[in-house]
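So the structure is just underneath, and the comments pick up after that.
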Amino acid sequence: MIRITLTIAFALSCTSLLPAGDWPAFRGPKSDGISTEKGVPTTWSADQNIKWKVALPDRGNSSPIVSNGRVFLTCAQNKGGSRSLYCFDRKDGKQLWVKTVAFEANEVTHSTNPYCGSTPVSDGKKVVVFHGSAGLYCYDFDGKDLWNVDLGQVTHIWGYGTSPILHDGKVLLNFGPGKVTYMVAVSLEDGSIAWKTDEPGGNDDRQGRMVGSWSTPIIVKVGDEDQVVCSMPTRVVAYSPADGSILWTVDGLPSSRGDLVYTSVLTSGDFGVAMGGYKGPSLGFKLGGTGDMTESNRLWHEKASQPQRIGSGVIIGDHIFMANAGPGTYQCLELKTGKTVWEQRMSGDNWGSLIHVDGKLFVTNQEGVTRILAPNPVKFELLAENKLGEPSNATPAFSDGEIFLRTDKAVYCIATLAK
């Protein structure tokens, strides 16, 4: 049963106030790992080019966002019993407010995935956060409760981690993982359910076949039409953002290890790429069509054991760039064939996603080392390594020439400071 609680007396306008340079969602303004920022720092350390640093009460895998002068970040305490959204002033890191949701029911997760693994999203006036089984919450920029929605129970031994996105006045969320999974659209104005489209779920423990999607949806323009595209446990699914109807699907994500996916779909022009999780397969496909388009639209399908892929990559030109979780390899693949052009192994596994900024690739690994690579389709080319000395599973945010990075201990604002 879906339960909606409204805590507002009047509706607020949904007109976006996002200034240029904001980073309002997981993997950026379009949730695609592409930034238009220029001149971002390429050198920093724990005591160099740190504009401010704020300690966090516990570790977490969610990433910061930057919207309308605020930095938002989630963090849990008390073994998930307290799930909080923090709001900081982007200028100096001052904590402006924190909103905490108490959740006493048991919700299983894994030690590598602490509670509050979901990155918030904002339109410049409101901020929305997914707290797993504790629900979906919306606040204004003063920290006032606007609405919350109980979407049901997340039940998986690896916990939750998908993030919401915004489109056309709706909050879009891949709810799960667990035996009950679905794509849902919630009104940003009042929290009402606009539509809900079920997707088969599955076992949440190691006694049966493992099933789950932690993939964050993206908005893709196919022809003149916006579509919601997401990697679900066994297939890529495209939904109508108006009513949630399934427009087309492409199969090919299951493996002998389970029906698992962590990364977001990557797109470029008419092409799409999806990566299975737990060393599952990868596939390339054409976007669009009606119904099951596997036979006609799937261009390539790599079934052989792949690297463990948790963070998402980016497509640049005719190539896919990936930073993998296990082993810690960096890869360049051909977009139209999926074949590996080069692969380089380095220390540290990558749970954070690659971001393409100012002609460079940035990714932070689990050792808290941010590597900057050239998007070179011919060979691996390391440009810089920057160490904070604290573990991290997060993806950096880029806004107005600054980098916002979360570690297990703190959130940092990195800027080029005068010597």
Qualifying residue in segment 175-195 (condition: part of a loop (DSSP other than H, G, I, E, B), buried (at least 21 other Cβ atoms within 10 Å of the Cβ) and over 20 Å from the mean Cα position of the chain (by Cα)): yes
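Select, from Val186, Val149, Val171, Val154, the only residue that is in contact (Cβ under 8 Å) with a residue 40 or more places away in the chain and closer than 21 Å to Leu266 by Cα.
Numbers: Val186 fails: closer than 21 Å to Leu266 by Cα; Val149 fails: closer than 21 Å to Leu266 by Cα; Val154 fails: closer than 21 Å to Leu266 by Cα.
Matching residue, one of Val186, Val149, Val171, Val154: Val171.
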Set Gly326, Gly368: member being surrounded by fewer than 19 Cβ atoms within 10 Å (Cβ to Cβ) and either touching a residue at least 24 places away in the same chain (Cβ under 8 Å) or under 20 Å from the mean Cα position of the chain (by Cα) (or both): Gly326
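Yes/no matrix, rows are residues, columns are (1) closer than 22 Å to Gly368 by Cβ; (2) surrounded by fewer than 21 Cβ atoms within 10 Å (Cβ to Cβ):
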residue: Trp52; (1), (2): yes, yes
residue: Pro57; (1), (2): yes, yes
residue: Ile65; (1), (2): yes, no
residue: Leu73; (1), (2): yes, no
residue: Arg83; (1), (2): no, no
residue: Phe88; (1), (2): yes, no
residue: Asp92; (1), (2): no, yes
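Test Ser264 against the criterion of being buried (at least 24 other Cβ atoms within 10 Å of the Cβ), within 15 Å of Gly212 (Cα to Cα), under 21 Å from the mean Cα position of the chain (by Cα) and free of Cβ contacts under 8 Å to residues at least 60 places away in the same chain, and give yes or no.
Numbers: buried (at least 24 other Cβ atoms within 10 Å of the Cβ): yes; within 15 Å of Gly212 (Cα to Cα): yes; under 21 Å from the mean Cα position of the chain (by Cα): yes; free of Cβ contacts under 8 Å to residues at least 60 places away in the same chain: no.
It is false that Ser264 is buried (at least 24 other Cβ atoms within 10 Å of the Cβ), within 15 Å of Gly212 (Cα to Cα), under 21 Å from the mean Cα position of the chain (by Cα) and free of Cβ contacts under 8 Å to residues at least 60 places away in the same chain.
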Selected residue (only one of Gly277, Gly288, Gly258 is farther than 27 Å from Trp195 by Cα, touching a strand residue (DSSP E or B) at 6+ places or on another chain (Cβ under 8 Å) and touching a residue at least 60 places away in the same chain (Cβ under 8 Å)): Gly277
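Is one or more of the residues making up segment 58-65 part of a helix (DSSP H, G or I), more than 18 Å from Phe398 (Cβ to Cβ) and not aliphatic (A, V, I, L, M)? Talk me through it step by step, then tell me what you get.
Here is the first cut: in segment 58-65, the residues part of a helix (DSSP H, G or I) are none.
No, that holds for no residue.
Got a sec? Which of Lys279, Lys379 is among the charged types (D, E, K, R), at pLDDT below 95 and not in a strand (DSSP E or B)? Step through it out loud before you land on a result.
Working: Lys379 fails: at pLDDT below 95.
On inspection, the qualifying residue turns out to be Lys279.
The values are calculated or read from the model by the stated rules, or taken from the named source; none is laboratory data. For clarity, every value in this text was computed on a predicted model and none was experimentally measured. Cβ coordinates were reconstructed from backbone atoms using ideal geometry, including for glycine residues, and neighbour counts include every protein chain displayed.
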